[in-house]
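*Asks:* One structure is given below, represented as structure tokens, and several questions about it will come after.
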Amino acid sequence: MRVRTFVFITALMLCHPQLWPQTLTKQFPSAAPGSAASGRTEPSLAINTVAATQSPQAQAASLPDGSLPDAPGYPIAELVETPPAGVPVVIRANQQEKHGDVFTLTGEARIDYKDYILTADKVSFNRLTSDAEADGHVRLEGKQNNELILADHGKLNFDLETGRFENVTGSVGRQPSSSKRKLVYTTANPFLFTGKVLIKEGPERYEIIEGTMTSCLLPDPDWRIHSSLIRVNYGQARAKNSYFTLFGKPILFLPYVTHPVSTETRESGVLIPNFGTSSTKGTVIGDSFYLVLNHSADVTFGTQYFSLRGWSPSGEFRYRGRENDFASARLTALFDRGLAPTYINEGGQDILFNGRHDFDLEEHNRAVVTGEYLSSYVYREAFAESFALAVASQVTSSAFLTHNDDGLSASIHFDRYQNFEGITQVGNTYVTPQIQILHLPSLDLDTVERRLEATPLRWSFDGSAAGLSRSEPGYTSGWMGRFDLYPHLSLPLHLDGWTLRPEVGARETFYTNSQIATSTTPLPGNGSVNRSDLEASFELRPPALVRDFKAPALEKLFGSDVRHTIEPELQYRYVGGVNNFSSIPRFDPADIVSDTNEVEYSLTQRLLFKHLHPKACSSGDLPPPTNGVIYVPWAYTECGGDTSEWITWKLTAKYFFEPYFGGAVTPFRRNVLATTLDLTGVSFLSGPRNTSPLISRFKVRTSEHTDLEWDADYDFKNKRLDASNIFADYRRDRVFGSVGYSTLQTLNGSFTANLASQVTKYNLLRLLLGYGAPTKRGLSIAANAGYDFTQDALQYGGVETSYNLDCCGLVIEYRRLALGSVRNENQYSFSFTLAGVGAAGNLAHSERIF
């Protein structure tokens, strides 16, 4: 639903009443009130601003007195003489009379004919011609497009689908309801109309005389369009010399206007202009054009002008094919002239693209692409509309073609990874060093575990061949090949609740080039390198220990008993043979495999409510369980009837029997190995060590409305909390809020013996508080903020308030972003939305606080 041209002069009209067109005084019949959700919608009006040939007064006077049903110039639908035979007809009424082929129905009369249902106080029906004439509370329902016509009097031919109705209220897009007083719509933007006369010329074709049309609830819509003649033809309503009224006040004279009737109709046209203001962009004004390419694809392109910076073009392409097939692309850019007085160019381009194509319905063969091109990280940090996007320094792109069948997966993929490492100002320019890693291409072959013939053993295989490249400041690997083979064999064993899984494997990896390790950045090597290792592991899971606690105090406090479970787990792992770790180039986790001799142990405790009084499930409840014995953890997440998880606390750690990891660890450096990365994403290996930090994951869910999580990594060797993330969330009815507090101490790349001085610290607080909902009627308000205690600065903050009526809403937002020297911005945004028309302003739905 789109607008061809729309000049928003509402403010001018409201401030100067003498500019208002003459108010319409005709009274139109009302429909029973219904309901429709308000909120931000796509535009649907299409208006031609070519000058009208008649003044509003002349147009209003062009209809003769009492025209209406038989005034010249308005065609009368002809009725068929001989309809086809054999159509089943159902007739109901309190009283029935028959004179020849004519039935007279009185009192709650109803006729079911083909896809139509006609009800009225009195109906006369000719079974030969399929003509019907109805009086009093006339109601015609059509299943096609869910049309509804309410009238005082009407004539209809069921076979030709033609007729004439007087004092009409109607809609398209209504969902059938058993209640005649309640209208439920299948779309948030149905087509509703009123009129003195409606002439039905055929299927999906009408003429509405002295009528109105809107997408809002009748009888008192927030907006409507008045016209002496509205023509509806196959999904499109058109009118000339019309008036647009808002809250009952005439606002605009529209020489020509169209409105989609079908909920699937899309129309090319110019969108409503957007405008706003910002302390770094200045006054912002722009517009876009929407183009329908076909029933499966469309494109939107336009531009904005920043008075302090320059032009910012944008575009978006969308395609939806059969089943899961889709494609999309989005472009944003800025041709920046710089901000006074330095005039440093911070412009750039950001292109996002995604797509998928399944070659067969079973999804055995598919192609997927997701990627992004970012020309400048400075552009993102300076002009991204959200804090999360502005600080996202990683850009990834991937495209792959895969075949999956009978447990075998073969694929070819192309990957590009960029990580921008900060921004440095050099004179009147910015420098953004980056790391770039390419996989062009990578061929992978993987299998699921399969039973070895006539044995309890299971085997699997992973293999790949890839072309790789890495570049960063001071180092370029050049193009090289990598070939990796990894077969492994396992023996799963189960006995009385005990699970034991031994596994052995071997990995052979060949690189066409190597690297030379230095105290800082490595250097490219002079020849190939081969890495071989043997691996062995076993995993042990004893049965869970379970105990139920029953007491009157527990039942009174929680309405349930409490179940406590303890689930231990032990895993031993050995890798040997990697004696050239420093010569292996780094591209992805496959390259940081090292020798290790370790044991990982964990203990998971759960407290579960055992409900004594089942309750109805709601949207926040956990799903019902699968069949299983009591020591299976996922058997405890039952909905409303038996048990639900309350508290979960998992503690995990590793002990390394080989503290040097076969020579892979370099003292006084940040060392990242496959074994440490599997445990935690926070680097802790600064030299040889036997013990890992203790990894704690704690979750509490007392009800469907509250969540609390605390993730922590504590390093006993260095006696410090490496990482701590606390998150709490509360949502009930229209009240919501969340708080997040994070601390992190991470190692620099290399450092001296004074380790404490080489640790980078982060200390952040995130808050969100609000009341309301963006699509509900009434007032909503929300605020968010992010504070950096290390820098003692507010990183971002915002306040948003909105008020929604039946089908219009106003949103106002203030936002502040403080990102160092590149961005210190105060932004004021608003959006005024009319359902079925569009939104004026510069606040996109994706940029709102809630």
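The values are calculated or read from the model by the stated rules, or taken from the named source; none is laboratory data. Bear in mind the structure is a predicted one, so any value in this text is a computation, not a measurement. Positions of Cβ are generated from backbone atoms using ideal geometry, with glycine treated the same way; all protein chains shown enter the neighbour counts. Note: accessible area is taken over every heavy atom of the protein model, side chains too, but ligands, DNA and RNA are not part of it. Shrake-Rupley method; radii C 1.70, N 1.55, O 1.52, S 1.80 Å.
*Asks:* Step by step: first the residues of segment 684-720, then only those that are of a type in the set (A, V, I, L, M, F, W, C) and not in a loop (DSSP other than H, G, I, E, B), then the one that is modelled with the lowest pLDDT. Which residue is that? Spell out how you get there, then give the answer.
*Replies:* Just the residues of segment 684-720 that are of a type in the set (A, V, I, L, M, F, W, C), to begin with: 684-685, 694-695, 698, 700, 708, 710, 712, 716.
After this cut, where a residue has to be not in a loop (DSSP other than H, G, I, E, B) as well, the list is 685, 694-695, 698, 700, 708, 710, 712.
Numbers: Leu685: 90, Leu694: 97, Ile695: 97, Phe698: 97, Val700: 94, Leu708: 95, Trp710: 97, Ala712: 97.
Per the stated criteria, the residue is Leu685.
*Asks:* Looking at Thr676 and the list (1) open to solvent by 20 Å² or more (accessible area, probe 1.4 Å); (2) modelled with pLDDT of 90 or more, which single condition is not satisfied?
*Replies:* Against the list (1) open to solvent by 20 Å² or more (accessible area, probe 1.4 Å); (2) modelled with pLDDT of 90 or more, Thr676 comes up short only on (1).
*Asks:* Sticking with this structure for a sec: Considering only segment 72-100, how many residues are part of a loop (DSSP other than H, G, I, E, B) and at pLDDT 90 or above? Write out each step before concluding.
*Replies:* Our first condition is that a residue be part of a loop (DSSP other than H, G, I, E, B); within segment 72-100, this holds for 72-88, 93-94, 100.
With at pLDDT 90 or above added as a condition, the list becomes 93-94.
Within segment 72-100, residues that are part of a loop (DSSP other than H, G, I, E, B) and at pLDDT 90 or above number 2.
*Asks:* Look through Phe716, Phe698 and report the one residue that is surrounded by fewer than 16 Cβ atoms within 10 Å (Cβ to Cβ) and over 30 Å from Gly778 (Cα atoms).
*Replies:* Selected residue: Phe716, the only one of Phe716, Phe698 that is surrounded by fewer than 16 Cβ atoms within 10 Å (Cβ to Cβ) and over 30 Å from Gly778 (Cα atoms).
*Asks:* Could you pull out the residue among Arg366, Arg330, Arg322 that is out of contact with any Pro (no Cβ under 9 Å at 6 or more places or on another chain), free of Cβ contacts under 8 Å to residues at least 60 places away in the same chain, over 25 Å from Gln795 (Cα atoms) and exposed (fewer than 15 other Cβ atoms within 10 Å of the Cβ)?
*Replies:* Values: Arg366 fails: exposed (fewer than 15 other Cβ atoms within 10 Å of the Cβ); Arg330 fails: exposed (fewer than 15 other Cβ atoms within 10 Å of the Cβ).
Going through Arg366, Arg330, Arg322 in turn, just one is out of contact with any Pro (no Cβ under 9 Å at 6 or more places or on another chain), free of Cβ contacts under 8 Å to residues at least 60 places away in the same chain, over 25 Å from Gln795 (Cα atoms) and exposed (fewer than 15 other Cβ atoms within 10 Å of the Cβ): Arg322.
*Asks:* Quick one: Leu361 ticks every box in (1) over 24 Å from Ala390 (Cβ atoms); (2) surrounded by 14 or more Cβ atoms within 10 Å (Cβ to Cβ); (3) hydrophobic (A, V, I, L, M, F, W, C); (4) touching an Asp or Glu at 6+ places or on another chain (Cβ under 9 Å) except a single one, so which number is it?
*Replies:* It fails just one condition, (2).
*Asks:* Residues of segment 586-599 being farther than 16 Å from Glu508 by Cβ and under 38 Å from the mean Cα position of the chain (by Cα), which ones?
*Replies:* Answer for segment 586-599, where residues must be farther than 16 Å from Glu508 by Cβ and under 38 Å from the mean Cα position of the chain (by Cα): Arg586, Phe587, Asp588, Pro589, Ile592.
*Asks:* Answer with yes or no whether Leu557 is at pLDDT 95 or above, hydrophobic (A, V, I, L, M, F, W, C) and exposed (fewer than 15 other Cβ atoms within 10 Å of the Cβ).
*Replies:* Values: at pLDDT 95 or above: no; hydrophobic (A, V, I, L, M, F, W, C): yes; exposed (fewer than 15 other Cβ atoms within 10 Å of the Cβ): yes.
Against the criterion (at pLDDT 95 or above, hydrophobic (A, V, I, L, M, F, W, C) and exposed (fewer than 15 other Cβ atoms within 10 Å of the Cβ)), Leu557 does not qualify.
*Asks:* Oh, and also: Keeping to segment 347-367, report how many residues are part of a loop (DSSP other than H, G, I, E, B) and not small (Gly, Ala, Ser). Talk me through it step by step, then tell me what you get.
*Replies:* To start, the set of residues in segment 347-367 that are part of a loop (DSSP other than H, G, I, E, B) comprises 347, 359-364.
After this cut, where a residue has to be not small (Gly, Ala, Ser) as well, the list is 359-364.
Total meeting the criteria: 6.
*Asks:* Pick from segment 348-358 the residues that are under 20 Å from Asn419 (Cα atoms) and open to solvent by less than 20 Å² (accessible area, probe 1.4 Å): which of them is nearest to the chain's Cα centre (by Cα)?
*Replies:* Asp350
*Asks:* From the list Tyr741, Tyr714, Tyr730, pick out the single residue that is among the hydroxyl-bearing types (Ser, Thr, Tyr), touching a Pro at 6+ places or on another chain (Cβ under 8 Å) and either farther than 25 Å from Ile584 by Cα or in contact (Cβ under 8 Å) with a residue 24 or more places away in the chain (or both). Give the steps one after another, and end with the answer.
*Replies:* On the way: Tyr741 fails: touching a Pro at 6+ places or on another chain (Cβ under 8 Å); Tyr730 fails: touching a Pro at 6+ places or on another chain (Cβ under 8 Å).
Result: Tyr714 is the single residue among Tyr741, Tyr714, Tyr730 that is among the hydroxyl-bearing types (Ser, Thr, Tyr), touching a Pro at 6+ places or on another chain (Cβ under 8 Å) and either farther than 25 Å from Ile584 by Cα or in contact (Cβ under 8 Å) with a residue 24 or more places away in the chain (or both).
*Asks:* Could I ask something else about it? Output the number of residues of segment 798-811 satisfying the condition of being farther than 12 Å from Ala782 by Cβ and assigned to a strand (DSSP E or B). Full working, then the answer.
*Replies:* Keep residues of segment 798-811 that are farther than 12 Å from Ala782 by Cβ, which gives 803-810.
Now drop any that are not assigned to a strand (DSSP E or B), which leaves 803-804, 808-810.
Qualifying residue count for the region: 5.
*Asks:* Look through segment 764-790, keep the residues that are outside any strand (DSSP E or B) and within 21 Å of the chain's Cα centre (by Cα), and return whichever of them is surrounded by the most Cβ atoms within 10 Å (Cβ to Cβ).
*Replies:* Initially, segment 764-790 is screened for residues outside any strand (DSSP E or B), giving 772-777, 789-790.
Keeping just the survivors that are within 21 Å of the chain's Cα centre (by Cα) gives 772-776.
Details: Gly772: 22, Ala773: 16, Pro774: 19, Thr775: 14, Lys776: 15.
Among those that are outside any strand (DSSP E or B) and within 21 Å of the chain's Cα centre (by Cα), it is Gly772.
*Asks:* Sticking with this structure for a sec: Which residues, counting only those in segment 333-346, are outside any strand (DSSP E or B) and open to solvent by 70 Å² or more (accessible area, probe 1.4 Å)? Can you show your working first?
*Replies:* Within segment 333-346, the first condition is being outside any strand (DSSP E or B), and the residues that meet it are 337-346.
Within segment 333-346, Arg337, Pro341, Thr342, Tyr343, Asn345 qualify.
*Asks:* Return the total of residues in segment 420-456 being of a type in the set (Ser, Thr, Tyr), open to solvent by 60 Å² or more (accessible area, probe 1.4 Å) and without any contact (Cβ under 8 Å) to a residue 24 or more places away in the chain.
*Replies:* Residues of segment 420-456 of a type in the set (Ser, Thr, Tyr): 424, 429-430, 432, 442, 447, 455.
Within this subset, residues satisfying the condition of being open to solvent by 60 Å² or more (accessible area, probe 1.4 Å) are 424, 429.
With the extra rule that they be without any contact (Cβ under 8 Å) to a residue 24 or more places away in the chain, the set shrinks to 424.
Of the residues in segment 420-456, 1 are of a type in the set (Ser, Thr, Tyr), open to solvent by 60 Å² or more (accessible area, probe 1.4 Å) and without any contact (Cβ under 8 Å) to a residue 24 or more places away in the chain.
*Asks:* Same structure again: Looking at (1) in contact with a Gly (Cβ under 6 Å, 6 or more places away or on another chain); (2) part of a helix (DSSP H, G or I), which is the only condition Asp591 fails?
*Replies:* Of everything listed in (1) in contact with a Gly (Cβ under 6 Å, 6 or more places away or on another chain); (2) part of a helix (DSSP H, G or I), Asp591 misses just condition (1).
*Asks:* Follow-up question, since we're still on this one. Here is a check on your reading of the model: is Gly371 in contact with a strand residue (DSSP E or B) (Cβ under 6 Å, 6 or more places away or on another chain), over 23 Å from Asn419 (Cβ atoms) and touching a residue at least 12 places away in the same chain (Cβ under 8 Å)?
*Replies:* Working: in contact with a strand residue (DSSP E or B) (Cβ under 6 Å, 6 or more places away or on another chain): yes; over 23 Å from Asn419 (Cβ atoms): no; touching a residue at least 12 places away in the same chain (Cβ under 8 Å): yes.
No.
*Asks:* Report yes if Gly527 is open to solvent by less than 40 Å² (accessible area, probe 1.4 Å), outside any loop (DSSP other than H, G, I, E, B) and out of contact with any Gly (no Cβ under 6 Å at 6 or more places or on another chain), otherwise no. Outline the logic, then answer.
*Replies:* Numbers: open to solvent by less than 40 Å² (accessible area, probe 1.4 Å): yes; outside any loop (DSSP other than H, G, I, E, B): no; out of contact with any Gly (no Cβ under 6 Å at 6 or more places or on another chain): yes.
No; evaluated as a whole, the condition is false for this residue.
*Asks:* Pick from segment 506-524 the residues that are at pLDDT 90 or above and outside any strand (DSSP E or B): which of them is nearest to Asn671 (Cα to Cα)?
*Replies:* Checking each candidate, the answer is Ser514.
*Asks:* Quick check on my filter: what residues within segment 530-554 are small (Gly, Ala, Ser), modelled with pLDDT of 90 or more and open to solvent by 40 Å² or more (accessible area, probe 1.4 Å)? Steps first, answer last, please.
*Replies:* Of the residues in segment 530-554, the ones small (Gly, Ala, Ser) are 532, 536-537, 544, 551, 553.
Filter again for modelled with pLDDT of 90 or more, leaving 532, 536-537, 544.
Answer for segment 530-554, where residues must be small (Gly, Ala, Ser), modelled with pLDDT of 90 or more and open to solvent by 40 Å² or more (accessible area, probe 1.4 Å): just Ser532.
*Asks:* If you don't mind, there's one more thing I want to ask. Output the residues belonging to segment 121-150 that are part of a strand (DSSP E or B), touching a residue at least 24 places away in the same chain (Cβ under 8 Å), within 22 Å of Glu204 (Cα to Cα) and not basic (Lys, Arg). Full working, then the answer.
*Replies:* Initial filter on segment 121-150 (part of a strand (DSSP E or B)): 121-126, 131-142, 147-150.
When the remaining residues are screened for being touching a residue at least 24 places away in the same chain (Cβ under 8 Å), the result is 123, 125-126, 131-132, 134, 138-142, 147-150.
Keeping just the survivors that are within 22 Å of Glu204 (Cα to Cα) gives 131-132, 134, 138-142, 147-150.
Hits for segment 121-150 are Asp131, Ala132, Ala134, Val138, Leu140, Glu141, Gly142, Glu147, Leu148, Ile149, Leu150.
*Asks:* Just need a number here: residues in segment 661-673 that are in contact with a strand residue (DSSP E or B) (Cβ under 9 Å, 6 or more places away or on another chain), open to solvent by 40 Å² or more (accessible area, probe 1.4 Å) and at positive phi. Please lay out each step first, then the result.
*Replies:* Start the filter on segment 661-673 by keeping residues that are in contact with a strand residue (DSSP E or B) (Cβ under 9 Å, 6 or more places away or on another chain), which leaves 661-662, 664-666, 668-673.
If we keep only those that are open to solvent by 40 Å² or more (accessible area, probe 1.4 Å) too, we end up with 666, 668-670, 672.
Right, trim to at positive phi and you get 668.
Number satisfying all stated conditions: 1.
*Asks:* Suppose the filter is in a loop (DSSP other than H, G, I, E, B), on the phi < 0 side of the Ramachandran plot and buried (at least 22 other Cβ atoms within 10 Å of the Cβ); does Leu218 pass it?
*Replies:* On the way: in a loop (DSSP other than H, G, I, E, B): yes; on the phi < 0 side of the Ramachandran plot: yes; buried (at least 22 other Cβ atoms within 10 Å of the Cβ): yes.
For Leu218, the condition - in a loop (DSSP other than H, G, I, E, B), on the phi < 0 side of the Ramachandran plot and buried (at least 22 other Cβ atoms within 10 Å of the Cβ) - is met.
*Asks:* Which strands (runs of 3 or more DSSP E) sit wholly inside segment 371-485 and have at least 1 residues that are among the acidic types (Asp, Glu)? If you could, list the steps in order and put the result at the bottom.
*Replies:* Numbers: elements: 394-405, 408-420, 424-426, 429-431, 434-447, 458-472.
Ranges flagged: 394-405, 408-420, 434-447, 458-472.
*Asks:* Determine which member of the set Phe103, Phe191 is open to solvent by 10 Å² or more (accessible area, probe 1.4 Å) and at pLDDT below 95. Break it down into steps so the answer makes sense when it comes.
*Replies:* Details: Phe191 fails: open to solvent by 10 Å² or more (accessible area, probe 1.4 Å).
Testing whether each residue is open to solvent by 10 Å² or more (accessible area, probe 1.4 Å) and at pLDDT below 95 leaves just Phe103.
*Asks:* Quick one: how many residues across segment 303-330 are part of a strand (DSSP E or B) and over 18 Å from Phe353 (Cα atoms)?
*Replies:* Of all residues in segment 303-330, those part of a strand (DSSP E or B) come to 303-306, 310-320, 326-330.
Subset that is over 18 Å from Phe353 (Cα atoms): 303-306, 310-312.
Going through segment 303-330 one residue at a time, the tally reaches 7.
*Asks:* Answer yes or no: is there a residue in segment 411-419 that is of a type in the set (Lys, Arg), farther than 30 Å from Ser490 by Cβ, in contact with a strand residue (DSSP E or B) (Cβ under 8 Å, 6 or more places away or on another chain) and buried (at least 16 other Cβ atoms within 10 Å of the Cβ).
*Replies:* Of the residues in segment 411-419, the ones of a type in the set (Lys, Arg) are 416.
If we keep only those that are farther than 30 Å from Ser490 by Cβ as well, we get 416.
Retained after the next criterion (residues that are in contact with a strand residue (DSSP E or B) (Cβ under 8 Å, 6 or more places away or on another chain)): 416.
From what is left, the residues that are buried (at least 16 other Cβ atoms within 10 Å of the Cβ) are 416.
Looking for residues that are of a type in the set (Lys, Arg), farther than 30 Å from Ser490 by Cβ, in contact with a strand residue (DSSP E or B) (Cβ under 8 Å, 6 or more places away or on another chain) and buried (at least 16 other Cβ atoms within 10 Å of the Cβ), one finds at least one in segment 411-419, hence yes.
*Asks:* Is it the case that segment 287-308 has a residue that's open to solvent by 20 Å² or more (accessible area, probe 1.4 Å), of a type in the set (Ser, Thr, Tyr) and in contact with a helix residue (DSSP H, G or I) (Cβ under 7 Å, 6 or more places away or on another chain)?
*Replies:* Among the residues of segment 287-308, not one is open to solvent by 20 Å² or more (accessible area, probe 1.4 Å), of a type in the set (Ser, Thr, Tyr) and in contact with a helix residue (DSSP H, G or I) (Cβ under 7 Å, 6 or more places away or on another chain), which makes the answer no.
*Asks:* Would it be correct to say that Gly681 is part of a helix (DSSP H, G or I) and open to solvent by 20 Å² or more (accessible area, probe 1.4 Å)? Give the steps one after another, and end with the answer.
*Replies:* Details: part of a helix (DSSP H, G or I): no; open to solvent by 20 Å² or more (accessible area, probe 1.4 Å): yes.
So Gly681 fails the test.
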